[in-house]
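Beneath this line is the structure, given in structure tokens, with notes to follow.
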Amino acid sequence: MKPSRAIPGVMLLLVALAGCGKGGAGGMGFKPPPMPVETAPVVQGRVADRFEAVGSIEASEAITVVSEIDGTVVRLPFQEGTSIARGGLIAQLDDAQLRAEVNRTEALRDQTQSTYNRVKSVVDQGAGAPQDLDDAAAALKVAEANLALARSRLSKTHIQAPFSGALGARRVSPGAFIRAGQAITDLANLSELRVNFSAPERYLGQLHRGAEVAIGTTAYPGYALRGRIDVVDPVLDPTTRSARIVARVRNPGGKFRPGMSANVSAVLSQRQNALTIPSEAIFAEGDQSFAYVVKADSTVTRSALTLGTRLTDVVEVVKGLSPGQTIVRTGHQKLFEGAKVIPVNSHPAGQTPGTPQ
């Protein structure tokens, strides 16, 4: 009786083993489900290589207005912080003494001129020595020189703007006695600015005289002016191997002021049909960069890339991709060759963040 009961148990075990064998054969063909990834298109557009540096802004013309002579300030007719035209009066010094000196030297010049005329008449008649005429001519020249000197000193009491610009605050008051060289105010031409910056030697072939630059400042975010390089120093700094460069830029509205820092940008070269992909789509193994390309059957293949210019959030691809291809933007960490994917929150063509303009 015991052996007869064992037979059904053995048969059940064989059936179970047979079922497991069939299940194992089916297990060898199991495929994992598609992996969710974010994708992005390979975008074709303009990419520019840029040079960027921080510089300093200064006025194209700027001076501290000073007196050339000692004197008492009679008038300061300008208004602080306003503009003045070239030749406009900035300060008037007391000129009574110097004006009297001009009158005196004018009288002496006239007297010397009369003497010269008489001597010349006598010599022309043959009644005088030529030496007398030479002495009279020399005396006349001295008198004319003394008059010119007196007039020059008088003109220094009339302090004028040498160029058009904006005036600063007054440093003196009417009635004050000032010495030669003492500051009266500042004058700067803000309509045109100079921007000083330095560039490494490797850029000097492209940052030449006449090259266009864009100038911005932290005081006015998003506002930039365009100018051109005016000076490239012929001698480089032997320590930094860089050259001092000066750019000139028009300043309509006078927003930029001397002393501000400047963000200088220049386009060195540009390519109209460059290919770019998001930076996060790229991964590296050793020195080689890769990206996963999504094929038509939703499987991925790894493509080796040659990279070019790196922009804010995209990278130029020189070799390894074609326009219109779709790449895995995020989620490539768990992918492998031939893996099947399903796009999630993909970026359609033309909407990739950081697409070059």
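What follows is calculated from the coordinates using simple rules that are stated; it is not laboratory data. Just so we're clear, the structure is a prediction, and the values are computed from it rather than from any experiment. Neighbour counts are summed over all protein chains in view; Cβ atoms, including those assigned to glycine, are modelled from backbone coordinates with ideal geometry.
According to a simple spin-label model (label point 7 Å from Cα along Cα-to-Cβ), what is the distance in nm between residue 113 and residue 299?
With each label point 7 Å from Cα toward Cβ, the separation is 10.9 nm.
With unit charges on the beta carbons (Lys and Arg positive, Asp and Glu negative) and the dipole taken about the Cα centre of the chain, which residue among 298, 272, 53 sits farthest to the positive side?
298
In debye to the nearest 20, how big a dipole does the chain give about its Cα centre with +1 on each Lys and Arg Cβ and -1 on each Asp and Glu Cβ?
1980 debye
For region 238-253, in order, what is each residue's ³J(HN,Hα) by Karplus, 6.51 cos²θ - 1.76 cosθ + 1.60 with θ = phi - 60°, in whole Hz (x at glycine and Pro)?
So the J values, rounded to whole Hz, are x, 7, 9, 6, 10, 10, 7, 10, 10, 10, 10, 9, 6, 10, x, x.
Under a 10 Å cutoff between Cα atoms, tell me which one of 94, 233, 124 has the largest fluctuation in the Gaussian network model of the chain.
Sorting by GNM fluctuation, first place goes to 124.
Excluding residue 281 itself, calculate the net charge of residues whose Cβ lies under 14 Å from the Cβ of residue 281, where each Lys or Arg counts +1 and each Asp or Glu counts -1.
-1
Measure nothing but the geometry: give the 0 to 90° angle between the long axis through the Cα atoms of 2-27 and the longest principal axis through the Cα atoms of the chain, rounded to 10°.
Taking Cα atoms only, the helix is inclined about 30 degrees.
I'd like the FRET efficiency for residue 152 and residue 270, computed as 1/(1 + (r/R0)^6) with the beta carbon distance as r and R0 of 56 Å, rounded to 0.05.
Calculated value: 0.45.
Using the charge dipole of region 214-257 (Lys, Arg: +1 at Cβ; Asp, Glu: -1 at Cβ; taken about the Cα centre), state which of 223, 239, 249 has its Cα farthest towards the positive end.
Final value for the positive-end residue is 223.
How fast does region 264-312 diffuse by Stokes-Einstein, in µm²/s, taking the Kirkwood radius from C-alpha pairs at 4 °C and 1.567 mPa s?
Value of D from the Cα-based Kirkwood radius: 98 µm²/s.
With θ set to phi - 60° and the Karplus curve 6.51 cos²θ - 1.76 cosθ + 1.60, what are the ³J(HN,Hα) couplings of region 79-84 in order, to the nearest whole Hz, using x for Gly and Pro?
Running phi through 6.51 cos²θ - 1.76 cosθ + 1.60 with θ = phi - 60° gives 9, 4, x, 9, 8, 9 Hz.
Given charges of +1 on the Cβ of Lys and Arg and -1 on the Cβ of Asp and Glu, with all other atoms neutral, how large is the dipole of region 90-173 about its Cα centre, in debye to the nearest 20?
Here region 90-173 has a charge dipole of around 520 debye.
Could you check the simple spin-label distance between residue 141 and residue 75, using points 7 Å along Cα→Cβ, in nm with one decimal?
So the label points at residue 141 and residue 75 sit 3.9 nm apart.
Out of these labelled values of Kirkwood radius over Cα pairs in Å, [x] 21.5; [y] 20.4; [z] 29.5, which was calculated from the coordinates shown here?
Evaluating Kirkwood radius over Cα pairs in Å on these atoms matches [z].
What does the charge count around residue 40 come to, taking other residues whose C-beta lies under 13 Å from its C-beta (Lys +1, Arg +1, Asp -1, Glu -1)?
-2
So how long is each side of region 129-256 along the principal axes, counting just the alpha-carbon atoms, biggest first, in Å?
Sorted largest first, the three principal extents are 77, 44, 29 Å.
Find me the longest stretch of the chain that has none of the exposed chymotrypsin sites (Phe, Trp or Tyr not before Pro), where exposed means in a DSSP loop (not H, G, I, E or B) with at most 15 other Cβ atoms within 10 Å.
31-162
Would you calculate, for the chain, the mean residue ellipticity at 222 nm contributed by helices, counting each DSSP H stretch of 4 or more residues as -39,500 (n - 2.57) and dividing by all residues, to the nearest 500?
-8000 deg cm²/dmol
Name the residue from 331, 43, 258 whose Cα lies farthest towards the positive end of the charge dipole of the chain, charges +1 on Cβ of Lys and Arg and -1 on Cβ of Asp and Glu.
331
Note down the magnitude of the dipole of region 161-231 about its Cα centre, charges +1 on Lys and Arg C-beta and -1 on Asp and Glu C-beta and zero elsewhere, to the nearest 20 debye.
Dipole size: approximately 180 debye.
How high is the FRET efficiency between residue 257 and residue 104 when r is their beta carbon distance and R₀ equals 45 Å, given to the nearest 0.05?
Calculated transfer efficiency: 0.40.
What residues qualify as long-range amide H neighbours of residue 66, i.e. H under 5 Å apart, gap of 5 or more or another chain, H built at 1.01 Å from N?
Answer set, sorted by chain and number: 184.
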